[in-house]
Amino acid sequence: MIAMDKNYDPKIAEEKWQEQWNREGVYRFDPQSAKPLFSIDTPPPTVSGSMHIGHAFSYSQMDFIARYHRMKGENVFMPFGTDDNGLATERLIEKLNNVRSKKMDRGKFIELCLATLEKIRPDFVADWKRMGISADWTIFYSTINDHCRKISQQSFIELYNKGLEYRVKAPFMWCPQCQTAIAQVELKDVEKESKLVYIKLDVEGSNQISIATTRPELFGSAAAIYVNPEDKRYTKLIGKKATIPIYNRNIPIMANEEADMEYGTGAVYQSTFGDMTDADWAKKFRTEVTEILNPDGTLTAAAGAYGGMKTGEARAKIIEDLKPWIEKIVPLKHAVNVHERCETDIEILPTYQWFIKYPSKEVMLAAGAALKWHPEHMKNRYDNWVRGLKWDWCISRQRYFGIPFPVWYCKDCGEIILADINKLPVDPLVDRPGKKCKCGSLDVEPEKDVMDTWATSSLTPQITRELMKDTPAYNKFFPMSLRPQAHDIISFWLFNTTIKSLLHQGKPAWHNVMISGWALDPQGRKMSKSKGNTIIPQEMAKKYCADALRFWAASSNLGEDLPFQEKELVTGMKTITKLWNAAKFVASSTEGAVAKPDALHPADAWLLTKLSKAVNASTEAFENYEYSKAKIETDLFFWRVFTDYYIEIVKDRIYNPGNYSKQDADSAKYTLRTAMLAVLKLFAPIMPHITEEIYRIIFTMKETIHKSGWPKMDYNYDKEEIEGDEIVKAIDYIRKYKSDNKLAMNAPLKEVIIGQKLSAPMADALKATMKIEKITFFEGRDPTEIVQ
């Protein structure tokens with residue numbers, strides 16, 4: 001007798017199967033296998049608390065594709081790592097331990113970070129396991145461990161030796177809150193209210209010029225005033241000097257074709273530095289640089305009486321002091337660059353930083369074009385980012401926790417000394433170079449900065465590949481099959497990985513990229529703790545189950561943002577229940593009957609033709625990363641064809657086999673079992689737990705459904721399909737008639753008139769299904785008369 005529990009309990013079953021999959025190594029990658037390889041550059045989530053709903057959304061979508069390829073018989077490489085050397089992790093460590101990194105000994109803080117990560121990482125990763133993510137958990141990395149530190153430092157040394165990295169003191173973007181340099185990709189535009197202050201300045205020769213600025217607090221570093229050479233208002237003033245009030249600084253008025261004649265007065269004052277345009281112009285026109293800002297965002301002594309003040313405070317004070325020179329103040333709303341991590345207004349500070357030289361834009365655009373984008377329109381985000389790039393990649397950060405640069409500086413001659421590549425990883429604050437400088441000196445200064453976290457995360461293809469060193473699979477990993485990720489980090493992770501891959505290997509790191517959208521709140525808004533509109537996936541999984549949450553994640557097209565709708569989880573639970581009940585009926589009806597009969601009953605041929613179409617449509621959808629279409633196709637077949645109609649049509653042959661030939665009875669059993677198992681396999685990538693439970697427990701299969709082979713169907717019975725569709729129309733009509741007349745569905749009918757002639761087996765099937773005594777065919781008419 002087939003083992004069947006009365007009810008399915010996902011709370012018990014999901015944990016049970018996750019543990020069993022782990023014991024059996026169901027998702028373990030086999031580096032010795034000769035099967036086709038499908039390698040995934042799995043996104044390493046940032047260790048910053050716990051899985052959020054966006055993780056559950058996008059990682060489930062990635063997992064749908066991984067599970068499909070595994071069922072196809074491919075050797076799926078799906079490692080898992082955590083990104084835990086960035087600012088977000090550092091902030092989490094500070095919060096959990098109630099400390100501030102800048103107020104601690106650096107070594108002690110690093111020890112605290114590593115110890116805290118070891119403590120919290122297992123619970124963090126467990127959230128992904130509970131979602132049924134089919135990663136190979138034995139292939140694991142942390143972007144701060146020795147393996148990743150070594151690869152990241154190797155990358156730095158290789159690119160330096162290629163002449164693709166440089167260190168320079170230059171004005172660059174700086175976060176006063178985090179007190180570190182940041183890259184262009186870490187900027188976010190926020191619209192803020194400000195004031196455009198119009199100030200009249202004296203110009204030598206008894207002339208005057210008016211400027212308009214939002215940053216008068218930087219007057220102490222004023223270096224020049226620029227006017228467009230086409231602006232006839234100021235032609236006669238070019239070459240003269242203007243006086244900055246309060247400071248009595250005399251600065252030149254210079255011609256600059258980039259000066260916007262329509263903004264403000266058309267005369268632009270350049271400080272050092274209000275923004276990166278100031279920095280660009282200072283370099284272009286070689287103006288004097290006055291360092292006006294401290295790393296914490298306060299003004300330096302060069303600001304005079306305003307030294308030590310924060311910029312906002314100084315701005316208000318100097319506007320008050322400038323009243324004799326102010327012509328007017330205009331309220332202004334404009335986009336301000338803020339640090340995307342803390343939303344602090346960025347400043348421009350001249351500091352020593354390390355940079356990577358970008359390839360030409362043509363090369364970067366060609367690399368994007370070489371990828372297969374899913375969905376295709378996401379390539380536009382990559383292209384737009386590349387076209388808008390202005391500066392090289394700043395990879396140094398003034399933080400405590402991160403991967404150190406493998407660099408020392410000779411105190412005698414300033415030479416850069418690189419670590420021995422065979423001794424990596426190193427920490428220059430602890431380790432010594434182990435060799436003399438070219439000048440013969442042993443006196444060195446260690447580099448104190450650490451690398452930007454993206455300088456390491458951009459190496460995930462190399463990081464995971466090196467975990468397979470000395471295996472037959474090692475040389476198969478480049479390019480990888482797939483990079484899955486969300487659309488908001490195309491300019492972060494995807495772009496930076498492409499850059500590293502181009503600079504190291506000369507081509508992109510993957511064949512395909514799969515871009516997911518965002519999970520939004522029920523009103524379609526971005527979720528945030530401050531808005532109080534976050535959805536906790538752990539709570540939803542507890543209230544419903546992981547499969548129901550995955551079912552919701554499959555309800556949007558790839559790349560689309562999806563408002564969270566709890567009703568979709570309710571639908572998922574209904575689908576789970578329907579699968580369970582249908583499978584129990586099929587298993588109890590078909591035990592021992594698996595062989596295909598010599599001839600199929602026409603109703604069975606109809607069903608298998610519909611099944612073939614559903615299988616082929618789902619297969620094509622998964623091949624094109626259209627998991628939502630695959631779900632829809634499977635859903636429609638299961639609900640609208642298999643359970644709504646076919647099971648009702650076939651019941652009489654199951655319950656009353658003596659009224660039929662053995663061939664027709666066996667045909668019913670074969671078709672029921674074939675269709676039910678195929679449905680389970682079609683649903684398996686999306687709902688892995690319920691499908692495994694049914695496959696192994698109800699159908700007593702010895703091996704997992706997740707390696708059982710993707711279904712292939714080639715049934716094509718045109719005549720029977722047409723006949724079956726006519727039966728469905730008749731059933732719909734009769735069901736409506738019975739419902740309208742308040743009759744039970746099993747209430748007998750004396751006669752039904754049908755406009756399409758049916759074969760005898762199909763007519764008998766309709767009679768048995770709807771309890772009809774007689775069917776009369778009247779060609780060219782729909783069912784028009786029912787006699788009770």
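The values are calculated or read from the model by the stated rules, or taken from the named source; none is laboratory data. All values derive from a computational prediction rather than experimental measurement. Here Cβ is always computed from backbone atoms with ideal geometry, including for glycine, and neighbour counts include all displayed protein chains. Accessible surface is based on the protein model in full, side chains and every heavy atom, while ligands, DNA and RNA are left aside. Shrake-Rupley method; radii C 1.70, N 1.55, O 1.52, S 1.80 Å.
Within the assembled protein chains, the solvent-accessible surface assigned to Asp644 is about 50 Å², based on a 1.4 Å probe. For the pair the range 609-630 / the range 704-726, the C-alpha centres are spaced 12 Å from each other. Length available on full extension from Arg106 to Asp123: 0.36 nm per residue minus the Cα-Cα distance, which gives 3.4 nm.
Each peptide in 221-233, 696-708 gets a packing score, the mean of other Cβ atoms within 10 Å over its residues, and the list from highest to lowest is 221-233, 696-708.
What the Cβ-Cβ distance of Lys529 and Val99 gives, at R0 = 25 Å and to the nearest 0.05, is a FRET efficiency of 0.70. Computed over the alpha-carbon pairs of the range 1-73, the distance histogram in 10 Å steps reads 13, 33, 37, 15, 2, 0 percent, short to long.
Cα-Cα pairs above 22 Å in the range 528-671: how many percent? Walk me through the numbers on the way to the answer.
On the way: 5381 of 10296 pairs.
Considering the range 528-671, 52 percent of its Cα-Cα pairs are separated by more than 22 Å.
Per-residue packing, averaged as other Cβ atoms within 10 Å, sorts the ranges 433-446, 389-402, 199-212 into the order 389-402, 199-212, 433-446, beginning with the highest. Computed on the Cα atoms alone, the convex hull of the range 685-726 gives a volume of 125 cubic angstrom per residue. In terms of overall dimensions, the range 634-711 has a Cα radius of gyration and Dmax of 13.9, 40 angstrom. Temperature 10 °C, viscosity 1.306 mPa s: under these conditions the Stokes-Einstein estimate for the range 321-475, based on its Kirkwood radius over C-alpha pairs, is 78 µm² per second.
Roughly what would the spin-label model give for Leu322 and Glu230, points 7 Å off Cα along C-beta, in nm? For the pair Leu322/Glu230, the computed spacing is 2.8 nm.
Given a Förster distance of 45 Å, report the FRET efficiency between Gln505 and Thr243 from their Cβ-Cβ distance, rounded to the nearest 0.05. Numbers along the way, then the final one.
On the way: r = 57 Å, r/R0 = 1.26.
Taking R0 as 45 Å, the efficiency between Gln505 and Thr243 is 0.20.
Expressed as cubic angstrom per residue, what is the convex hull volume of the alpha carbon set of the range 299-375? Before the final figure, lay out the partial values.
Details: hull volume 17.8 nm³, N = 77.
Taking the convex hull of the Cα positions in the range 299-375, it is 232 Å³ per residue.
Three principal axis extents of the range 125-249 based on alpha-carbon atoms, in descending order, are 78, 40, 30 Å.
The modelled label-to-label distance between Ala599 and Arg640, using points 7 Å beyond Cα along the C-beta direction, is 3.2 nm.
Between the range 330-385 and the range 499-545, the alpha-carbon centres lie 19 Å apart. Share of carbon and sulfur in the accessible area of the range 328-419 stands at 50%, probe radius 1.4 Å.
What is the Cα convex hull volume of the range 418-474 when expressed per residue in Å³?
Working: hull volume 6.6 nm³, N = 57.
So the per-residue hull volume is 116 Å³.
Evaluate the charge dipole of the range 248-399 about its Cα centre and quote only its size in Debye, nearest 20, assuming +1 on the Cβ of each Lys and Arg and -1 on the Cβ of each Asp and Glu.
Numbers: 20 positive and 22 negative charges, 90 e Å.
In total the dipole reaches around 440 debye.
Over the range 131-250, average the accessible area per residue using a 1.4 Å probe and give it in Å², no decimals. Spelled out: the 1.4 Å probe surface of the range 131-250, per residue, equals 40 Å². I'd like the distance separating the alpha-carbon centroids of the range 635-654 and the range 160-228, in whole Å. The range 635-654 and the range 160-228 have Cα centres spaced 70 Å from each other. Shape class of the range 366-453 from the alpha-carbon gyration tensor: prolate, with a/c at 1.5 or above and a/b greater than b/c.
Taking the convex hull of the Cα atoms, report for the chain its projected area averaged over all directions, in nm².
Projected over every direction and averaged, the Cα hull of the chain covers 44.0 nm².
Can you pull a Stokes-Einstein diffusion coefficient for the range 498-603 at 10 °C (1.306 mPa s), Rh from Kirkwood over Cα pairs, as a whole number of µm²/s?
Details: Rh = 18.2 Å.
Rounded to a whole number, D works out at 87 µm²/s.
Stokes-Einstein, applied to the Kirkwood radius of the range 236-327 over Cα pairs at a viscosity of 1.002 mPa s and 20 °C, places its translational diffusion at 146 µm² s⁻¹. Note on Arg23 and Lys372: the model spin-label points, each 7 Å out from Cα along the C-beta direction, lie 3.9 nm apart.
If you take the beta carbon distance between Asp345 and Gln538 as r and set R0 to 45 Å, what does 1/(1 + (r/R0)^6) give as a FRET efficiency, to the nearest 0.05? Intermediate results must be reported in sequence, preceding the final value.
Values: r = 35 Å, r/R0 = 0.78.
The formula returns an efficiency of 0.80 here.
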